[in-house]
1. By average Cβ neighbour count within 10 Å, what is the ranking of 34-42, 52-60, 65-73 from highest down?
2. Which distance in Å, rounded to a whole number, links the C-alpha centroids of the range 68-88 and the range 28-64?
3. Take peptides 43-50, 81-88, 9-16 and line them up by average Cβ neighbours within 10 Å, highest first, as a rough protection proxy.
4. I want to check a number: in the range 3-109, how many lysine pairs have alpha carbons closer than 14 Å, given a sequence separation of 8 or more or different chains?
Amino acid sequence: MSVTLTEKAAFHLRTFLSAKEESATEKGIRVAVVNGGCSGYEYDLKIAKQPKPDDLVFEQDKVRIYVDPKSATLLDGVVIDFADSLTQSGFIFSNPNATQTCGCGKSFGASGCTPNAATCS
């Protein structure tokens with residue numbers, strides 16, 4: 001299981017994490033897949049004070065990354081980048097498990113999976 005941050009994404013995430021006033025030693029980002037969007041799944045990215053007991057925990061470029069076990073299969077190999085241009089600003093997910101994506105880039109479908117973040121076949 002791997003989630004990779006580009007240099008730009010890691011920079012912006014570190015900025016978000018340091019901007020919060022509380023100084024939790026385990027503060028990081030929670031990356032998940034939830035039901036929704038026009039293709040079946042949506043990416044969910046939040047700041048978390050600490051991991052949940054069953055989370056998979058990674059660290060890259062001084063950013064702690066927490067992934068719940070149900071999302072792990074659908075996020076394996078995902079690369080998170082950050083774009084800042086005239087037409088787009090925000091985090092971009094490049095997911096090798098996606099068999100279809102929405103034009104907005106926030107939603108995807110995966111072959112052999114149901115919209116319950118179930119393990120892919």
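Derivation of every value follows stated rules applied to the coordinates shown; laboratory data play no part. Note that the structure is predicted; figures quoted are calculated from it, not measured. Counting neighbours? That spans all protein chains shown, and the Cβs are built from the backbone with ideal geometry, glycine included.
1. Numbers: 34-42: 17.1, 52-60: 12.8, 65-73: 19.1.
Per-residue Cβ counts within 10 Å, averaged per peptide and sorted highest first, yield 65-73, 34-42, 52-60.
2. Between the Cα centre of the range 68-88 and that of the range 28-64, the gap is 9 Å.
3. The peptides rank, most packed first, as 9-16, 43-50, 81-88.
4. Working: K8/K62; K20/K46; K20/K49; K27/K46; K27/K49; K27/K52; K27/K62; K52/K70.
Number of lysine pairs found: 8.
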